[in-house]
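Remarks on the structure that follows.
The values are calculated or read from the model by the stated rules, or taken from the named source; none is laboratory data. All figures in this text were calculated on a predicted structure; none of them were measured in a lab. Here Cβ is always computed from backbone atoms with ideal geometry, including for glycine, and neighbour counts include all displayed protein chains. Each accessible area value is taken on the protein alone, full model and side chains, heavy atoms only, with ligands, DNA and RNA left out. Shrake-Rupley method; radii C 1.70, N 1.55, O 1.52, S 1.80 Å.
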Amino acid sequence: GTAVLAGNGAAVTTISHSQGTFLQECAATTVTCNSGTYTTRLTGALTAGTITTLNVYGGLVYPESTGTITTVIINAGLVDFSRNQVAKTITNLKLNPGGSLIRDPAIHTITNWTTPDYQLKLVASKP
C-alpha cells in the first residue's frame, strides 16, 4: 500500500485520504478519511495536530497528537483515541450509524454531542 506523510511545518488545508496509510504531523483545516489508516502524531517541535473538521466515511483514524478537533463527524469506520494517553478535546462530535468511537472520558473531552442524521443505538463496552 501507499504511505503518505504530511510532516511538521507543512501548510495543509484539505486532506482527502483513501486507502493506504497517511501520517499527519501538522495542523490541517479539513480532513476526510474514506478508507485506509489515518494517524495524527506529535513529532519534533510540533505541539498540536489541530484539525478543524474531521469527516470519517470509513477506515481507521488514530488521533495521537494533542490539540483540538473542532468538529468530528463519524459516518462509518473507527476513530480510536486509545492508542496513546494524550489529552484531546473534541468540540463537536456527531456519531452516525455505522461509525465507531473509542475514547477514555478521563482524558478525552467531548464538549458537544451533536444530533446524528439517523436514529442511533448506542452500546457501551470496554475496547
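Please identify the pairs in which a residue from the stretch 115-127 that is in a loop (DSSP other than H, G, I, E, B) has its Cβ atom under 9 Å from the Cβ atom of a residue that is of a type in the set (S, T, N, Q), counting only partners at least 6 apart or on another chain.
The qualifying pairs are P116/N96; D117/N75; D117/N96; Y118/N96; L120/N96; P127/S82.
Could you list all residues from the stretch 102-116 that are in contact with a Lys or Arg (Cβ under 9 Å, 6 or more places away or on another chain) and open to solvent by 90 Å² or more (accessible area, probe 1.4 Å)?
W113, T115
Identify the residue in the stretch 60-73 that is open to solvent by 10 Å² or more (accessible area, probe 1.4 Å) and at pLDDT below 90 and, among all such residues, is nearest to the chain's Cα centre (by Cα).
E64
If you go through the stretch 23-38 one residue at a time, how many are within 17 Å of G59 (Cβ to Cβ), surrounded by 19 or more Cβ atoms within 10 Å (Cβ to Cβ) and modelled with pLDDT under 90?
Of the residues in the stretch 23-38, 2 are within 17 Å of G59 (Cβ to Cβ), surrounded by 19 or more Cβ atoms within 10 Å (Cβ to Cβ) and modelled with pLDDT under 90.
Out of the residues in the stretch 74-101 meeting the condition of being open to solvent by 40 Å² or more (accessible area, probe 1.4 Å) and of a type in the set (V, I, T), tell me which one is farthest from C26 (Cα to Cα).
T91
I'm checking my understanding of the structure. Among residues of the stretch 39-59 that are more than 9 Å from the chain's Cα centre (by Cα) and of a type in the set (A, V, I, L, M), which one is modelled with the highest pLDDT?
Only one residue fits best here, namely L42.
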